[in-house]
Amino acid sequence: MNKGSTFGVALALVAVAAALGLGYWLGGRGGHEMAAPQAAAKAERKLLYYRNPMGLPDTSPVPKKDPMGMDYIPVYEGEESADAGSGIAVSTEKVQKLGVRTEAAALRALSRELRAAVRIEVDERRLHAVAPKFEGWIERLHANATGQPVGRGQALAEVYSPELVSVQKEYALAARGEESLRDAGAEAQAGMKQLAESGLARLRNWDISEEQIARLRESGEARRTLTLRAPAAGIVMEKKAVAGMRFMPGEALYQIADLSSVWAIADVFEQDIAGVRVGQKATVRIDAYPDKVFEGTVTYVYPTLKAETRSVPVRVELANPGGLLKPAMFATLELAPAGGAKVLAVPTSAVIDSGVRRIVLVQSGGDKNAGRFEPREVKLGVRAGDYVEVREGVKEGEPVVVAANFLIDAESNLKAALGGLGGMGGVGKVSPGETAKASSHKADGVLKAIDAAAGTVSVSHEPVASLGWPAMTMDFVLANPSLAAKLQPGSPIAFEFVERKPGEWVIYKLEARGAARPNAHGGH
């Protein structure tokens, strides 16, 4: 190449470089001049209010924190329309991985069959005591064994009482004298009649039968012993009488119970007592007779509560043909559901109960917006089976999340925490103290075992900085069994998990290590 050509090429290169430098300077100046008004415009945005980080309908004109300690999110002019329907946004892919299911709130009759433990007891109204009202001695027993059946009026024992013999003689003499003084004066007749009536009253007060009094009046002879008879038909439940023993007035010698009808006393828990009504049909089943069912009716709900068991006694009357039901037996009571009006209800699994408030996640926007959920604070009513009444917060037909709702809630807490650190789009470095507040965590490890029946996996994971965990092997619960469907024991994995309740860690995202996943920082 000659010198002229070389010089021409060098001159061309110098010209190109000069042009590029001038263009870069002009471009940089123009860029700064354009960015400045944009920055100024951004700085001049008008702050309208601060909204609840959980998407609840609560705003504040000044910065504040919610009951969980999360900062309220600022809303600027022009963002209010987007904020109004924000709720919790979860990607469709994550909705599928979490196993989210919804069910529409609907009107239901929340009546359920109530079960309670029962003990069989004697009907107190059919219990009788044989307690003489005079002092005496037992000379002979006719009913001499506990459990012996007796009929009404059947002889139980022969007793001797000097006082009773004396009163009999007085009455016999007064009755005979009254007969002999028929022709005497009125005053004498009145006195003898009064004496006879006094003796008769004493005999009746001592429960001497009219039959025995009539025999005494006819014969005029006082009997040495008196027969104690059963006041009702039944079973001798208690016998204190012993031949030759002395008894005092009011001492119970026999206790007789009529077991043709018995009581079933059920201990109904406090939270279930509202579903019990007098007149309600009841069924009693006893282990001793598995093929028999005893039908009865609730006759009384006791006005007291047992503090030890937090239960209320409920009485059911049962017929006892053949005496199959025996006092002190244990049984199971089943109460037929009482009919009631339909109420708006959702599955109990839809309710997230923090102890202070109760929240359900309502899917908003229909199928077109399947990944957007709105948290609603609700007021609950009665529970029955798998459903609970919702008195405020949800309308009929609105779909509520019934599965994986706690994971969505964790996701919303996570996003709110990150948003408070500078926005979801531009999160910078997170300090260890801030990271410890996260509700979701990430880790790498090796899948050791899969228990498909229990829905759990055993993972040997690396240290988890967000929890301060060292490397170890532990069990996790799968939010959705399909998460481990394509994995085999021994596979290196990357996973994300949350704590559903103390000591229970749930994996909601699981993939083979090496698959694309967000940049981990040891936890959200």
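For this structure, a couple of remarks:
- Between the amide H of L380 and those of R391, distances stay under 5 Å, these residues lying 5 or more places away or on another chain, with hydrogens modeled in the peptide plane.
- Here r is the Cβ-Cβ distance between K240 and L107 and R0 is 60 Å; the resulting FRET efficiency, rounded to 0.05, is 0.45.
- Average 1/r across all pairs of distinct alpha carbons in region 216-282, invert it, and you get the Kirkwood radius: 17.3 Å.
- Hz values of 3J(HN,Hα) by residue in region 143-152 - Karplus curve (6.51, -1.76, 1.60), Gly and Pro given as x: 9, 10, 8, 5, x, 6, x, 9, x, 5
- When the surface is traced with a 1.4 Å probe over the full set of protein chains, T59 keeps roughly 80 Å² accessible.
- Potential lengthening between W137 and K65 on full extension [0.36 nm per residue; Cα-Cα distance subtracted]: 17.3 nm
- Exceeding the 18 Å Cα-Cα cut-off - candidates K306/K379; K65/K379; K281/K306; K395/K501; K486/K509: K306/K379; K65/K379; K281/K306; K395/K501
- Relative packing of peptides 137-143, 379-385 - highest average C-beta neighbours within 10 Å first: 137-143, 379-385
- Spatial separation of Cα centroids for region 370-394 and region 124-163, in angstrom: 65
- Just the protein heavy atoms count here, and of the accessible area of region 248-388 at 1.4 Å, carbon and sulfur take up 54 percent.
- With R₀ set to 30 Å, the beta-carbon distance separating D386 from Q148 gives a calculated FRET efficiency near 0.05.
The values are calculated or read from the model by the stated rules, or taken from the named source; none is laboratory data. Remember, it's a predicted structure, so these values are computed and weren't measured experimentally. Cβ: placed from backbone, ideal geometry, glycine included. Neighbour counts: every protein chain shown. Surface areas here come from the heavy atoms of the whole protein model, side chains and all, with no ligands, DNA or RNA. Shrake-Rupley method; radii C 1.70, N 1.55, O 1.52, S 1.80 Å.
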